[in-house]
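The values are calculated or read from the model by the stated rules, or taken from the named source; none is laboratory data. Computed from a predicted model, the values in this text were never measured in an experiment. Backbone-built Cβ (ideal geometry, glycine too); neighbour counts: all protein chains shown. We work out accessible area using only protein heavy atoms, side chains counted, and drop any ligands, DNA or RNA first. Shrake-Rupley method; radii C 1.70, N 1.55, O 1.52, S 1.80 Å.
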Amino acid sequence: MAAAPPPKADELQPHPPKEQLASVSFCITSPPPWPEAIILGFQHFIVMLGTTVIIPSALVPQMGGGNDEKARVIQTLLFVAGINTLFQTFFGSRLPVVMGGSYTFVAPTISIILARRYNNEADSREKFLRTMRGTQGALIIASTIQMILGFSGLWRNVVRLLSPLSAVPLISLVGFGLYELGFPGVAKCVEIGLPELILLVAFSQYLPQVLHFGKPIFGRFGVLFTVSIVWLYAYILTISGAYKNAPPKTQVHCRVDRSGLISGAPWIRVPYPFQWGAPTFDAGEAFAMMMTSFIALVETTGAFIAASRYASATMIPPSIISRGIGWQGISILIDSFFGTANGTSVSVENVGLLALTHVGSRRVVQISAGFMIFFAILGKFGALFASIPLPIFAGMYCIFFAYVGACGLSFLQFCNLNSFRTKFILGFAFFMGISVPQYFNEYTAVAGYGPVHTGARWFNDMINVPFSSKPFVAGLVAYFLDNTIETHNNTVRKDRGYHWWDKFRSFKKDARSEEFYSLPFNLNKFFPAV
């Protein structure tokens, strides 16, 4: 077969691969002016509130708690998220990531709630306390797996075998895999969620095109503009009696006065360790939570890579990912001490916000951590913002999760898409990453339990939870295939894009790693990255 003639000078050429995004206004090490940084930090705080409210609102009533307990758990989760975000941005990965509650930990927590030893408790308050202590004990044990894998460097050795090709399904489904939290959440109150989605697209994408003044303002602060408008609109609908005769579920999702958080939150309260009592331990629950912790570790790895991209940093070195995972383990340990009923991972929606604003500054996220701690202590004020109707957050998720998924796809620029090997690994990993969790989730929805159903609930969770995670399944399939099919062929090495990341597999191979990821206060002398 004859080869194609070489292209002429004036012919269109594919866009060249870029190791860093050039269109980011403020990268990881270049903070905006202080007034702008403070507003952007507040915007990150608003975005992370959705998950912070959704998870305790789902778990605390099942644990036996009322509005007072729910408000205290949300306050604690917010307080701890601020501390963990500061630790991660100063001493962990150094990326501009918000460390908040994780949906991955919900399933094993529900298993603890349903344990027989708690079902016999007649007093709801006592049941809540006992369940919370059991969750704390499981999280204490679960935190060790991330600290061991992270700080020992074992996870670094795993990530060094990651190529752009195997990273694509993992990162893409970290974002796209959360689709059930997007429009299905909007549809729970479509007259509030849909305006938020439409307005945010209009403010961030169209207004900068048609207006000749303040172009960066609407894109950069679109979340604050749109949330304020739609929240006010929801308030007007509430006080005008629009939902007076609506079903209870509609009122919970649409009204601004149905969260029960403002009445339940104290004016001033500082969460403290072991506020619910001493943790209790159960071996089976600890094993299940450890497996969940490992799933969160894999998902966070994908989120770290996406955050490094949107912060206009170079590919994050494996040793820095490993260090960040170790600090995430410490974050889960702090969660267990304070009693959040949930573990910590990277907030995917806040990674998407980096893309929307074109601001990947580390300082902005550190400021947002300050807002988390401040409003957690001032309970009434924090509860006011936490009472934003959840469909508003779902409208934002449709954009933020899409940005993270698109970031995963962008790494295909380093791969040979004309290779049949590439097409197989890519397509099969995506398909299995969507299809296998769909089977597990459908089975659970119909039967009330997962496909693996034995007398040991903890064993069931150890199998059902991993295969219900879309990024974990997709990442596992892609990683295995990419490292076992024709790996010794030099042409294949280039097809999978492995050579593009060679210089980033060691911290010292690229001078930019020092600029983006080195520890503050000259700590690299004592804790060198390799």
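Remarks
- Among the residues of this structure, residue 139 counts as one that is closer than 30 Å to residue 287 by Cβ and touching a Leu at 6+ places or on another chain (Cβ under 9 Å).
- Residue in region 320-327 that is open to solvent by 10 Å² or more (accessible area, probe 1.4 Å) and either of a type in the set (A, V, I, L, M) or not in a helix (DSSP H, G or I) (or both) present: no
- Boolean, residue 144 is open to solvent by 10 Å² or more (accessible area, probe 1.4 Å) and either in contact with an Asp or Glu (Cβ under 8 Å, 6 or more places away or on another chain) or in a loop (DSSP other than H, G, I, E, B) (or both): no
- Residue within region 330-338 that is closer than 20 Å to residue 517 by Cα and open to solvent by 10 Å² or more (accessible area, probe 1.4 Å) present: yes
- Among the residues of this structure, residue 436 does not count as one that is assigned to a helix (DSSP H, G or I), open to solvent by 50 Å² or more (accessible area, probe 1.4 Å), among the β-branched types (Val, Ile, Thr) and over 19 Å from residue 161 (Cβ atoms).
- For region 360-400, filtered to residues that are of a type in the set (Phe, Trp, Tyr) and buried (at least 23 other Cβ atoms within 10 Å of the Cβ), the residue that is farthest from residue 304 (Cα to Cα) is 375.
Matching residues to (1) in a helix (DSSP H, G or I); (2) at pLDDT 95 or above; (3) buried (at least 24 other Cβ atoms within 10 Å of the Cβ); (4) more than 22 Å from the chain's Cα centre (by Cα):
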position: 44; (1), (2), (3), (4): yes, yes, yes, no
position: 52; (1), (2), (3), (4): yes, no, yes, no
position: 68; (1), (2), (3), (4): yes, no, no, yes
position: 82; (1), (2), (3), (4): yes, yes, yes, no
position: 89; (1), (2), (3), (4): yes, yes, yes, no
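- Helices (runs of 4 or more DSSP H) completely within region 180-232 that count 2 or more residues being open to solvent by 30 Å² or more (accessible area, probe 1.4 Å) and without any contact (Cβ under 8 Å) to a residue 12 or more places away in the chain: 207-210, 215-220
- Failed item in (1) open to solvent by less than 80 Å² (accessible area, probe 1.4 Å); (2) touching a helix residue (DSSP H, G or I) at 6+ places or on another chain (Cβ under 9 Å); (3) part of a helix (DSSP H, G or I); (4) closer than 21 Å to residue 395 by Cβ, with residue 259 passing the rest: (3)
- Test result for residue 427, in a helix (DSSP H, G or I), out of contact with any Cys (no Cβ under 9 Å at 6 or more places or on another chain) and small (Gly, Ala, Ser): yes
- Where helices (runs of 4 or more DSSP H) sit wholly within region 440-530, those with at least 1 residues that are exposed (fewer than 15 other Cβ atoms within 10 Å of the Cβ) and touching a residue at least 60 places away in the same chain (Cβ under 8 Å) occupy 511-517.
- Condition check for residue 281: part of a loop (DSSP other than H, G, I, E, B), open to solvent by 70 Å² or more (accessible area, probe 1.4 Å), on the phi > 0 side of the Ramachandran plot and in contact (Cβ under 8 Å) with a residue 60 or more places away in the chain: no
- Residue 398 vs. criteria under 25 Å from residue 235 (Cα atoms) and within 18 Å of the chain's Cα centre (by Cα): yes
- Residues in region 287-311 that are open to solvent by 10 Å² or more (accessible area, probe 1.4 Å) and out of contact with any strand residue (DSSP E or B) (no Cβ under 7 Å at 6 or more places or on another chain): 287, 290, 291, 294, 298, 309, 310.
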